[in-house]
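The values are calculated or read from the model by the stated rules, or taken from the named source; none is laboratory data. As the structure is a prediction and not an experimental result, all values here were calculated from the model. Neighbour counts run over all protein chains shown; Cβ positions are idealised from the backbone, glycine included. Calculation scope for accessible area: heavy atoms of the full protein, side chains included, ligands and nucleic acids excluded. Shrake-Rupley method; radii C 1.70, N 1.55, O 1.52, S 1.80 Å.
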Amino acid sequence: VVPGRCRFSLDLRAPSDESNDAFAFRTASLSSSSSTSASSMMSATVDDGTQTGSHTIVVEQLATAARVSSANQSSKTSALGLSGSFTLAAEGNSAVTISVTASMSLADIVTAVNAQSKSAGVTASVVTVSSDSGNPQYRLVLTATDTGEDIELSTSSGTILHDLGVTDEDGSTAANVLQAAQPAILTGDGLSGIRRTSNDVDDVLEGVTLHLTQADPDTTITMEIEADTASIEDAITNLVSAYNSWRSFVVTNQTVDSDTGAASDDAVLFGDSTLRGVSNQISEILNRVVGDLNLRTIGITFDENNQLVVDSTVLENALADDLDGVMALFQYQATSSDSDLTLVGHASSTFTGTMNLTITTDGSALTGVTATDGNGAALQFTWSGNVIT
């Protein structure tokens, strides 16, 4: 067994596991219609197997987190002399009660809020407005953890929020709004008015997460979703390396001592029929033609030592010009008229053609399978659970 060989093969043919199939890997390239770079406005991550194609995005507005502050305070560590309680929460979160005693400072209130930030969805901090020793100024700042959510405030007892200048006299209306909560707004493929509370948008284009970083309503971003040919090339190169390791292993076990004519001490499998049979099978596979392609036509050839070498220019051109053909060269492919029926493996099958399956179930498992090929001849299947063999 050549270490890693199976992993290299799965990178090129994994019909039931797109996460390990190089042909299912995707990449997104972005271009801008203006002098504002696309990368400064947005990035994108694409799930394996996502449909390739072109999309347009306009980032009209970024989502922002609500942020409010107190009035200026002369100290962050001295006792405020205030007592009472108030509640706060970001929209959609659980309101928490913050109790304040006369001995607590601005920093103590920050600690009390942050102790319950997971429930409230609000964090607190002290911002130094001025460090002038003659007139230091500090503010309590409350920030919603998530974008697009308002901070809801109310006074339970006392007038702490108003005394600090966080709210008006009613104890619930923010007096110093540093930043209003707002949703992200974008136009996708010409559809305007798409609003989301987050700048990470994963439900506009299937399989694509948009990471918005800058708004520019006058710029259109064009996003091309393509096969990640660099990963495919790496997987093919890995396969070539794996074969060459295998070939070296075979040669070692076929070596004859030049002095004695007997098998070399390292040739522990000299004359072994299994090794010879596997070697012949691999050689036959590597020389197959699929469609109009074989390894030679995509830049993979044998050198004088029967080792594989890759012409990267020819391979890159083949991937650019006929990706489907290259994929068919490495992968056993099957399509189904019913999304409930998918190929999970094919062992050494070389079947080519179409078949018709008639399947019966009891509601949870298969109870019968009959099949014919494209010419109407019966095909034999067995089944276990939901797997047909």
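See the values below:
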item	result
Selection from region 180-194 of residues that are part of a strand (DSSP E or B) and either on the phi > 0 side of the Ramachandran plot or loosely packed, with under 14 Cβ neighbours inside 10 Å (or both)	Leu191, Ser192, Gly193
Within region 252-299, considering residues that are within 30 Å of Ala328 (Cα to Cα) and among the β-branched types (Val, Ile, Thr), the one farthest from the chain's Cα centre (by Cα)	Thr274
Identity of the residue in region 199-250, touching a residue at least 24 places away in the same chain (Cβ under 8 Å) and acidic (Asp, Glu), that ends up most open to solvent (accessible area, probe 1.4 Å)	Glu206
Considering residues of region 34-77 that are more than 44 Å from the chain's Cα centre (by Cα) and open to solvent by less than 60 Å² (accessible area, probe 1.4 Å) only, the residue nearest to Thr145 (Cα to Cα)	Gln73
Candidate set: region 16-33, residues that are within 18 Å of Tyr332 (Cβ to Cβ) and surrounded by fewer than 17 Cβ atoms within 10 Å (Cβ to Cβ); chosen: the one modelled with the lowest pLDDT	Ser16
In region 350-373, residue nearest to the chain's Cα centre (by Cα) [restricted to those that are of a type outside the set (Ser, Thr, Tyr), exposed (fewer than 10 other Cβ atoms within 10 Å of the Cβ) and over 14 Å from Thr335 (Cα atoms)]	Gly363
Test: residue in region 295-314 that is at pLDDT 85 or above and on the phi > 0 side of the Ramachandran plot	yes
Every pair of residues 6+ apart whose Cβ atoms lie under 6 Å, when the first sits in region 77-106 and is more than 18 Å from Thr173 (Cα to Cα) and free of Cβ contacts under 8 Å to residues at least 24 places away in the same chain while the second is open to solvent by 60 Å² or more (accessible area, probe 1.4 Å) and assigned to a loop (DSSP other than H, G, I, E, B)	Thr101/Ser83; Ala102/Ser83
Residue, farthest from the chain's Cα centre (by Cα), within region 174-225, restricted to residues that are farther than 30 Å from Ala124 by Cα and acidic (Asp, Glu)	Asp218
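Here's the yes/no breakdown for (1) in contact (Cβ under 8 Å) with a residue 24 or more places away in the chain; (2) of a type in the set (D, E, K, R):
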residue	(1), (2)
Val113	yes, no
Ser117	yes, no
Gly121	yes, no
Ala124	no, no
Pro136	yes, no
Leu140	yes, no
Thr145	yes, no
Glu152	yes, yes
